[in-house]
Amino acid sequence: MAESAIRKVEEVASLRDRISESLSAAIISGELAPGTLVSVPTLASQFAVSATPVREAMLDLEQRGFVASVRNKGFRVTEVSEQDLREIVELRQLIEAPAMRALAESFPTESLPQWRLLAQQIVVHAENANLTGFIEGDRDFHLGLLDLHGNARLVDMVRELRLQTRMVNLARMTMSEELPESAREHHVMLDLLDRRDGAALEALTIKHLGHVIGWWAGNSPDR
């Protein structure tokens, strides 16, 4: 059974940010499906916190377009169309794949152990159905490698595109083989970086990002 992203928040610091991250993961993964109506009191009870940080987090998510306020009821999770997802993925493939190919030429191999550790954490999160950990680890992995490429604007652009992405079938994939397989692709990317095989890494990046409109959107396996 999938580990819910909406649960008691243990850390006192930055409650608003932590709640926002957890709710983002729940929305992105499909745990909170498009059209779902959520209320601040209910969420506050689930997170075991007061209503204030939850309300602030929901307002942040509203600004990002993840939810829309419903008068006297709460917030409704917004929808992202399949066309929107395809456009987002196409943009990411166009800008991330060539950047990763270029990075293969200058990747600092001495940093490989720390990237291996992060890649393995992503695999463990996938195997344990921890969608929050999986999504956050995947984000840190891809944005971190792009940061090594040295183009801050590219990193900011990809970060924004990720914020607009929904992987509506991800929550239903937690008992499948596809999620761990997708997670293990991060190790393959590191293998290619270590070998400085930019062409193969570019191709794998395109395939890997395509999971958003393949496996993670409930479509046929995108091999």
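Every number in this text was worked out from the coordinates using simple rules, so none of it is lab data. This structure is a prediction, so every number in the text was calculated from the model and none was measured. Methodologically, a virtual Cβ is constructed for each residue, glycine included, from the backbone with ideal geometry; neighbour enumeration extends over all protein chains shown.
If you line up the long axis of helix 82-103 against the longest principal axis of the chain, both from Cα atoms, how many degrees apart are they, to the nearest 10? The angle comes out at about 40 degrees. Helix 178-195 axis versus longest C-alpha principal axis of the chain: approximately 40°, rounded to the nearest ten. Globularity index of the chain is 1.03 (Cα radius of gyration / 2.2 N^0.38 Å, N = number of residues). State whether segment 15-77 is rounded, prolate or oblate according to the following rule on the C-alpha gyration tensor (a ≥ b ≥ c being the square roots of its eigenvalues): a/c under 1.5 gives rounded; otherwise a/b larger than b/c gives prolate, and the remaining case gives oblate. Rounded, since a/c falls under 1.5.
Scalar couplings 3J(HN,Hα) for segment 108-123, obtained by applying the Karplus form with A = 6.51, B = -1.76, C = 1.60 to θ = phi - 60°, are x, 4, 5, 8, 4, x, 5, 6, 4, 4, 5, 4, 5, 4, 5, 4 Hz; x denotes Gly and Pro. So what's the angle, to the nearest 10 degrees on a 0 to 90 scale, between helix 152-163 and the longest Cα principal axis of the chain? Its long axis makes an angle of about 50 degrees. Across the chain, the relative contact order, built from alpha-carbon pairs under 8 Å that are at least six residues apart, equals 27 percent. Two numbers describe the Cα atoms of segment 81-137: Rg and Dmax, which are 14.8, 42 Å. Highest mean first, the peptides 178-184, 27-33 sorted by other C-beta atoms within 10 Å per residue fall in the order 27-33, 178-184.
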